[in-house]
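Taking it in order: structure first as structure tokens, then the write-up.
The values are calculated or read from the model by the stated rules, or taken from the named source; none is laboratory data. As the structure is a prediction and not an experimental result, all values here were calculated from the model. Here the Cβ positions follow ideal geometry from the backbone for every residue, glycine too, while neighbour counts run over all protein chains shown.
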Amino acid sequence: MPPVMPSATPSHCVAVIGGAVAGAELAGALAARGVEVVVFEQNPRPYGKIEDGLPRWHVALRRKEYESIGRNLTLPDVRYVPLTKIGKDVDFHELVEGWGFTGVVLACGAWRDRPLPVEGADEYVDKGLIYQNPFIIGFNHAGEKGYRGQRYEPQDDALVVGGGLASIDVAKAIMLETTRAKLGERGIEIGMVELEVKGIPKILDAHGLRFEDLGLAGCTIFYRRRAEDMPLVEVPEQATPEREAKVRKARERLLGKAMEKYRFHFEPLCMPDGLIVEAERLVGLRFRRTRMEKGRPVPTDETFERRGACVISSIGSIPEPIPGIPMKGELFDFKDWDLGRFDAYPTVFATGNVATGKGNIVASRKHARYVGETMIAAFLGLGEDGHAGEEALADHSAEAAREAAARVTAQVVAQPHIRPDALAGIRARVQERQRTVGYAGDYARWIEQVTPPDLE
């Protein structure tokens with residue numbers, strides 16, 4: 001295929017906030033329509049949840065997504081601006097109204113953890129309470145000597161509050177690392193990826209050990225609903241009762257396989273109701289039993305207490321507020337959720353997790369086709385070939401992002417064309433910002449420079 005040449009006179013120039021899967025796919029779709037695109041990324045690398053939300057045992061999936069993002073961000077009509085957080089380094093209102101862009105698209109994901117719903121809980125962050133996003137970020141970068149972010153040592157007997165794929169990721173990370181540590185005490189060195197692929201029982205059996213020999217209690221996921229309600233496999237739209245019943249059985253089956261392979265526990269029908277604090281540290285939770293009525297969990301009068309090494313809250317990710325963008329509760333106040341439109345900003349759109357209000361790369365496929373048991377099993381490492389089936393999941397992820405990008409692109413190119421003087425002004429400001437952050441325009445060289453040598 002011959003190289004794509006930059007447009008001599010682009011009809012539009014669009015700012016995309018966020019360079020990961022959704023932002024990169026949108027940049028590619030816009031560039032294919034002759035639109036000049038400026039991608040603002042808050043981090044040095046543009047990989048978003050793929051790097052910092054997808055646990056590092058997904059080696060092949062992460063690599064494929066990295067390559068796909070890189071292909072889109074190196075198109076001739078795409079300009080990359082790293083280390084630039086909108087709302088901090090560049091004012092959002094000024095970007096929309098003052099720079100001269102045809103349109104601005106939010107593709108900045110959902111990075112803020114939904115607060116643990118117990119009064120006073122956040123007083124104990126990093127004092128017994130840990131949130132999922134920083135925990136997985138720390139887990140993914142644990143092997144980097146130069147990493148300056150928060151580090152968390154996975155602890156045995158942790159309490160995980162949640163109920164989706166992300167909570168299983170947290171439980172797996174804890175079980176894999178605590179098992180590796182116990183094996184290390186016996187002089188048995190096992191790589192994390194090998195342990196994840198083969199599973200804890202199989203590795204232990206190869207060394208003549210049982211899980212009980214390790215002296216681990218194991219972590220527990222506490223969920224307000226039942227196993228069959230866990231949002232692992234989607235119920236297709238307009239599913240028959242028989243089809244829905246099969247999906248619910250599939251959810252139970254997947255959870256059971258994950259518990260067997262990674263040895264974590266599951267406590268259904270309970271919700272956090274109070275804190276157990278000792279010496280100014282969170283040491284456990286009081287839970288209230290629930291029952292399901294008409295598809296919703298309803299609190300009962302029964303409570304119980306559970307102490308643990310720490311509490312990890314994994315109840316969902318929501319967008320970080322950006323000064324200048326209207327909010328409604330925890331989410332952006334869109335008037336049109338399919339396109340991410342605001343009343344106050346007619347040239348602003350949104351795509352990806354920031355528009356779905358979810359942070360998981362699988363669960364947030366609002367507009368994608370049905371994600372079935374086989375794909376989720378591959379994602380969880382439960383397929384016959386470990387993660388071999390992730391190729392289909394990566395393709396599905398890209399397809400979903402392309403579908404969303406196509407809708408937004410159609411709206412953007414319908415805007416009035418950009419004036420030559422406005423385009424020249426944007427290019428000048430972009431170059432100034434790139435010089436400020438030390439980016440010389442060579443994407444491949446930049447990625448090489450900012451990638452830690454010991455990144456897993």
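A few remarks follow.
- Val16 modelled with pLDDT of 95 or more and more than 22 Å from the chain's Cα centre (by Cα): no
- Qualifying residue in segment 312-324 (condition: at pLDDT 95 or above and not small (Gly, Ala, Ser)): yes
- Scope segment 110-136; condition among the hydrophobic types (A, V, I, L, M, F, W, C) and part of a loop (DSSP other than H, G, I, E, B); matching residues: Ala110, Trp111, Leu116, Val118
- Qualifying residues in segment 182-235 (those that are charged (D, E, K, R) and in a loop (DSSP other than H, G, I, E, B)) - the one nearest to Pro299 (Cα to Cα): Arg224
- Each residue in segment 88-112 was checked for being within 21 Å of the chain's Cα centre (by Cα) and either of a type in the set (Gly, Ala, Ser) or crowded, with 23+ Cβ neighbours inside 10 Å (or both), and 6 of them qualify.
- Pairs with Cβ under 8 Å, 6+ apart, first in segment 167-192 and buried (at least 20 other Cβ atoms within 10 Å of the Cβ), second part of a loop (DSSP other than H, G, I, E, B) and among the charged types (D, E, K, R): Ile174/Asp156; Met175/Arg263; Thr178/Asp156; Thr179/Arg263
- Scanning segment 401-425 for residues that are hydrophobic (A, V, I, L, M, F, W, C) and more than 15 Å from Ala27 (Cβ to Cβ) yields a total of 6.
- Which listed residue is at pLDDT below 95, out of contact with any Gly (no Cβ under 7 Å at 6 or more places or on another chain) and not in a loop (DSSP other than H, G, I, E, B), from Val96, Val161, Val105: Val105
- Yes/no for Val247 being at pLDDT below 95, assigned to a helix (DSSP H, G or I) and not assigned by TED's automatic domain parsing to the domain that holds Leu61: yes
- Filter result (surrounded by fewer than 18 Cβ atoms within 10 Å (Cβ to Cβ) and either under 19 Å from Glu212 (Cβ atoms) or aliphatic (A, V, I, L, M) (or both)) within segment 245-265: Ala245, Glu260, His265
- Residue within segment 375-386 that is surrounded by 15 or more Cβ atoms within 10 Å (Cβ to Cβ), over 21 Å from Arg248 (Cα atoms) and at pLDDT below 90 present: yes
- Residues in segment 196-246 that are among the basic types (Lys, Arg) and closer than 30 Å to Arg186 by Cα: Lys198, Lys202, Arg210.
- Some residue of segment 102-125 being under 26 Å from Asp336 (Cα atoms) and among the acidic types (Asp, Glu): yes
- Residue within segment 214-233 that is without any contact (Cβ under 8 Å) to a residue 24 or more places away in the chain and within 14 Å of Tyr262 (Cα to Cα) present: no
- Yes/no for Asp52 being touching a residue at least 24 places away in the same chain (Cβ under 8 Å) and either farther than 19 Å from Asn133 by Cα or of a type in the set (A, V, I, L, M) (or both): no
- When we screen Val197, Val160 for residues that are in contact with a strand residue (DSSP E or B) (Cβ under 6 Å, 6 or more places away or on another chain), among the hydrophobic types (A, V, I, L, M, F, W, C) and either outside the structural domain of Glu228 (by TED's automatic domain parsing) or closer than 22 Å to Pro231 by Cα (or both), the only hit is Val160.
- Residue that is farthest from Phe287 (Cα to Cα) [pool: residues in segment 113-124 that are buried (at least 16 other Cβ atoms within 10 Å of the Cβ) and not small (Gly, Ala, Ser)]: Asp113
- Subset of segment 57-92 (residues that are of a type in the set (Val, Ile, Thr) and either in a strand (DSSP E or B) or free of Cβ contacts under 8 Å to residues at least 40 places away in the same chain (or both)): Val78, Val81, Ile86, Val90
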